[in-house]
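What follows is a short report on a single structure.
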């Protein structure tokens with residue numbers, strides 16, 4: 001099976017978690033697109049759901065496929081978000097933002113009771129950081145913001161190139177929110193929680209691609225089948241339900 005097949009397998013498994021009447025967050029990226037396509041087929045067959053997309057690209061796909069959409073202003077509390085990831089570690093810490101939608105993805109995930117991550121096995125890592133960490137920043141004071149990121153990273157023993165993500169037409173990539181992305185090739189991040197907290201202290205940083213404590217379950221598909229990575233909180237909830 002190809003990587004694309006594994007992505008489809010993970011998306012199909014996530015679809016089994018969807019119940020009629022749910023309010024869903026729809027993630028962004030190639031694996032999330034497969035979930036959106038599968039969900040659309042269920043909607044066409046009569047499944048009643050209401051969804052909030054995490055990017056304009058996902059919104060366009062979902063609209064084209066006929067999935068009912070809303071906004072967090074109209075529905076501020078969601079039941080479940082299904083989204084992909086660029087990296088997943090054994091503690092369910094994530095790097096996201098390869099597609100540039102990290103801020104909206106984080107907002108939607110925060111508004112959801114549960115977050116389920118779907119991915120192929122190549123996204124599993126022992127330690128986050130092989131994938132460059134995306135950081136969404138405002139345009140004003142870009143050089144100063146980048147310098148402060150470098151300083152904070154160095155204090156944590158992290159070095160590596162920090163580059164402005166480029167778009168397809170020669171200029172910088174611009175997020176749906178009108179901001180820029182700095183891709184930080186730090187390598188292994190031994191303490192992602194500490195880095196997450198310190199980066200948010202920089203005024204020019206809107207948010208970053210470290211998702212710490214967001215995911216409840218990761219559905220990871222590979223050559224050996226499906227592996228579930230479950231958060232400690234999710235395990236405790238299941239134990240309470242069984243009691």
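Descriptive notes on the structure:
- Members of the range 170-196 that are more than 18 Å from the chain's Cα centre (by Cα), within 17 Å of residue 95 (Cα to Cα) and free of Cβ contacts under 8 Å to residues at least 60 places away in the same chain: 185, 186, 187, 191, 194
- Residue within the range 39-55 that is under 18 Å from the mean Cα position of the chain (by Cα) and surrounded by fewer than 19 Cβ atoms within 10 Å (Cβ to Cβ) present: no
- Residue within the range 60-70 that is free of Cβ contacts under 8 Å to residues at least 60 places away in the same chain, surrounded by 14 or more Cβ atoms within 10 Å (Cβ to Cβ) and under 18 Å from the mean Cα position of the chain (by Cα) present: yes
- Residues satisfying the stated conditions in the range 115-128, i.e. surrounded by 17 or more Cβ atoms within 10 Å (Cβ to Cβ) and either without any contact (Cβ under 8 Å) to a residue 60 or more places away in the chain or touching a helix residue (DSSP H, G or I) at 6+ places or on another chain (Cβ under 8 Å) (or both): 115, 116, 118, 119, 120, 121, 125, 128
- Number of the exception - residue 167 against (1) touching a helix residue (DSSP H, G or I) at 6+ places or on another chain (Cβ under 8 Å); (2) farther than 20 Å from residue 203 by Cα; (3) not assigned by TED's automatic domain parsing to the domain that holds residue 14: (1)
The values are calculated or read from the model by the stated rules, or taken from the named source; none is laboratory data. Since the structure is predicted, the reported quantities are computational estimates derived from the model, not experimental observations. So basically every Cβ, Gly included, is an ideal-geometry build from the backbone, and we count neighbours across all protein chains shown.
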